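Student: Sharing a structure here in structure tokens format.
None of the figures in this text is laboratory data; all of them are computed from the coordinates on show. Keep in mind the model is a prediction, meaning the values are calculated, not measured. Here the Cβ positions follow ideal geometry from the backbone for every residue, glycine too, while neighbour counts run over all protein chains shown.
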Amino acid sequence: MGKKYLLAFGLSLTIGALVYWAIQWWFQQKTQAVSVSGKLQMLNQWEQLGIPDFAIAGLGNLYQQSYPIKIIHFWASWCGPCVEELPSLTKLADMYRDRIFIAALSQDYSETEMNAFLKSHQLHNSTNLIYVFDQKPRLSSVYQVEKLPESYIADKKNRLIKRISGSIEWVTDESKAFFDHHLNKSVD
């Protein structure tokens with residue numbers, strides 16, 4: 001008789017665990033779907049109304065930058081793909097010195113860590129490529145950054161043109177055609 005109760009108890013625990021797991025899985029799927037839907041709604045809104053503005057030390061706000069294209073780029077020195085991508089981002093800034101502004105927002109653990117990395121790799125601020133430490137990280141929360149690197153490209157009116165999640169080569173024939181198209185469009 002003791003074996004039957006033990007078997008029934010074990011079976012009840014197993015069924016309970018499976019039901020609990022199924023409910024958790026369902027809730028996670030439902031929450032994730034709402035999250036993706038919310039993100040898409042946010043991005044659509046940014047295409048119409050503009051990306052969030054923020055202050056850049058010594059330069060005023062992002063919206064005050066008169067460049068036809070603005071790139072908000074989230075990165076970190078501990079992120080391998082981010083580090084691999086920085087030379088092509090720098091090259092893009094050099095190619096479009098007067099036409100593209102890049103705010104490279106570091107997600108490093110400290111501003112000291114970011115500055116040490118920049119110094120060791122001989123990277124520095126230029127007129128159109130500014131490295132900024134994202135304290136707390138406040139801006140990555142506002143922009144709902146999901147993974148590094150992640151970039152947001154906006155036009156002169158600060159409307160979102162494109163969101164890029166992951167590492168890319170910034171200087172290719174395709175990317176030059178993309179930027180030239182949007183730069184010519186901003187002249188109209």
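Student: Expressed as a rounded percentage, what relative contact order does the range 107-188 have, with Cα pairs under 8 Å and six or more residues apart? Before the final figure, lay out the partial values.
Tutor: Numbers: 49 pairs, mean separation 15.7, N = 82.
This gives 19 percent for the range 107-188.
Student: Could I ask something else about it? Once the Cβ-Cβ distance between residue 135 and residue 15 is put in as r, and R0 is 45 Å, what FRET efficiency do you end up with, to the nearest 0.05? Write out the running numbers ahead of the final one.
Tutor: Values: r = 49 Å, r/R0 = 1.09.
It comes out at approximately 0.40.
Student: Modelled label-to-label distance, residue 110 and residue 44, 7 Å Cα→beta-carbon offset: nm?
Tutor: The answer from the label model is 4.5 nm.
Student: Length gain on complete extension for the stretch residue 184 to residue 158, per 0.36 nm per residue less the alpha carbon to alpha carbon distance? Can you show the working numbers first?
Tutor: Working: separation 26, 0.36 × 26 = 9.36 nm, distance 1.59 nm.
Here the answer is 7.8 nm.
Student: Roughly what would the spin-label model give for residue 55 and residue 3, points 7 Å off Cα along C-beta, in nm?
Tutor: 7.6 nm
Student: Would you please give the residues with an amide H less than 5 Å from that of residue 162, counting only those at least 5 places away or on a separate chain, with H modeled from the backbone geometry?
Tutor: Those lying under 5 Å, H to H, from residue 162 are 153.
Student: Moving on to the next point. When the chain is fully extended, how far beyond the present Cα-Cα distance does residue 146 get from residue 91, taking 0.36 nm per residue of separation?
Tutor: Numbers: separation 55, 0.36 × 55 = 19.80 nm, distance 2.52 nm.
Taking 0.36 nm per residue and subtracting the Cα distance, the gain is 17.3 nm.
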